[in-house]
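Colleague: The structure that follows is given in the form of structure tokens.
The values are calculated or read from the model by the stated rules, or taken from the named source; none is laboratory data. This structure is a prediction, so every number in the text was calculated from the model and none was measured. Virtual Cβ from ideal backbone geometry, glycine too; neighbours counted across all protein chains shown.
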């Protein structure tokens with residue numbers, strides 16, 4: 001399996017792009033606790049000291065490392081760990097279904113105007129719920145701990161305010 005790396009805006013996260021599709025739809029996020037009971041691909045990835053989180057989407061894995069580890073040490077170990085493994089997950093976690101007009105409008109803005117940019121950078125942003133003027137979202141992959149995550153939330157809030165004035169705040173979960 002051929003693996004390339006791509007930087008992300010988060011210095012603690014790196015995209016590992018594969019020559020085959022890994023996830024059919026949605027995304028799959030792992031930490032060490034979830035990795036223990038997962039497939040061999042993920043278990044081998046988390047056996048590399050320094051791996052903190054992994055987000056699988058389409059044909060790449062975004063790995064977030066602990067700050068004390070250097071990419072120059074981790075990258076060859078990660079590539080070696082997964083080089084002869086393959087994984088395909090038909091459907092990962094997707095956003096929750098719309099419950100009302102406001103939810104659907106917010107999800108559409110996220111899906112069409114924000115999420116594609118976030119995913120290009122190795123992250124993901126998911127709509128969790130809307131309640132009492134607050135949109136709850138979860139950020140994963142390179143977004144977790146990224147110094148630019150507030151800019152992403154700000155861009156989302158600006159886009160939503162233009163079309164859905166009922167939303168007063170965005171809250172991370």
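Colleague: Name, by its number, the condition in (1) under 23 Å from residue 66 (Cα atoms); (2) in contact (Cβ under 8 Å) with a residue 12 or more places away in the chain that does not hold for residue 120.
Modeller: Answer for residue 120: the failing condition is (2).
Colleague: Could you tell me whether the range 166-173 includes any residue that is under 26 Å from residue 17 (Cα atoms) and within 14 Å of the chain's Cα centre (by Cα)?
Modeller: Our first condition is that a residue be under 26 Å from residue 17 (Cα atoms); within the range 166-173, this holds for none.
The answer is no; no qualifying residue exists.
Colleague: Would you confirm, using the coordinates I've provided, whether residue 61 is within 19 Å of the chain's Cα centre (by Cα), over 24 Å from residue 22 (Cα atoms) and either without any contact (Cβ under 8 Å) to a residue 24 or more places away in the chain or crowded, with 19+ Cβ neighbours inside 10 Å (or both)?
Modeller: Against the criterion (within 19 Å of the chain's Cα centre (by Cα), over 24 Å from residue 22 (Cα atoms) and either without any contact (Cβ under 8 Å) to a residue 24 or more places away in the chain or crowded, with 19+ Cβ neighbours inside 10 Å (or both)), residue 61 does not qualify.
Colleague: So, one more: State whether the residues of the range 65-76 include one that is assigned to a strand (DSSP E or B) and modelled with pLDDT of 80 or more. Can you show your working first?
Modeller: The initial filter retains those residues of the range 65-76 that are assigned to a strand (DSSP E or B), namely 65.
Next, from what is left, pick out any that are modelled with pLDDT of 80 or more: 65.
For the range 65-76, residues assigned to a strand (DSSP E or B) and modelled with pLDDT of 80 or more: present.
Colleague: Which condition breaks for residue 76 when tested against (1) out of contact with any helix residue (DSSP H, G or I) (no Cβ under 6 Å at 6 or more places or on another chain); (2) surrounded by fewer than 16 Cβ atoms within 10 Å (Cβ to Cβ); (3) touching a residue at least 12 places away in the same chain (Cβ under 8 Å)?
Modeller: The single condition residue 76 does not satisfy is (3).
Colleague: Could you tell me how many of the residues in the range 1-29 are within 17 Å of the chain's Cα centre (by Cα), surrounded by 14 or more Cβ atoms within 10 Å (Cβ to Cβ), modelled with pLDDT under 90 and not in a loop (DSSP other than H, G, I, E, B)?
Modeller: 4
Colleague: In addition: Given the options 40, 111, name the one that is exposed (fewer than 15 other Cβ atoms within 10 Å of the Cβ) and closer than 28 Å to residue 158 by Cα. Talk me through it step by step, then tell me what you get.
Modeller: Numbers: 40 fails: closer than 28 Å to residue 158 by Cα.
From the options 40, 111, the qualifying one is 111.
Colleague: To continue, here is another question. Considering 48, 61, which residue is at pLDDT 90 or above, in a loop (DSSP other than H, G, I, E, B) and in contact with a strand residue (DSSP E or B) (Cβ under 9 Å, 6 or more places away or on another chain)?
Modeller: Testing whether each residue is at pLDDT 90 or above, in a loop (DSSP other than H, G, I, E, B) and in contact with a strand residue (DSSP E or B) (Cβ under 9 Å, 6 or more places away or on another chain) leaves just 48.
Colleague: Could I ask something else about it? Could you check, for the range 80-100, whether at least one of its residues is farther than 21 Å from residue 28 by Cβ and in contact with a helix residue (DSSP H, G or I) (Cβ under 7 Å, 6 or more places away or on another chain)?
Modeller: yes
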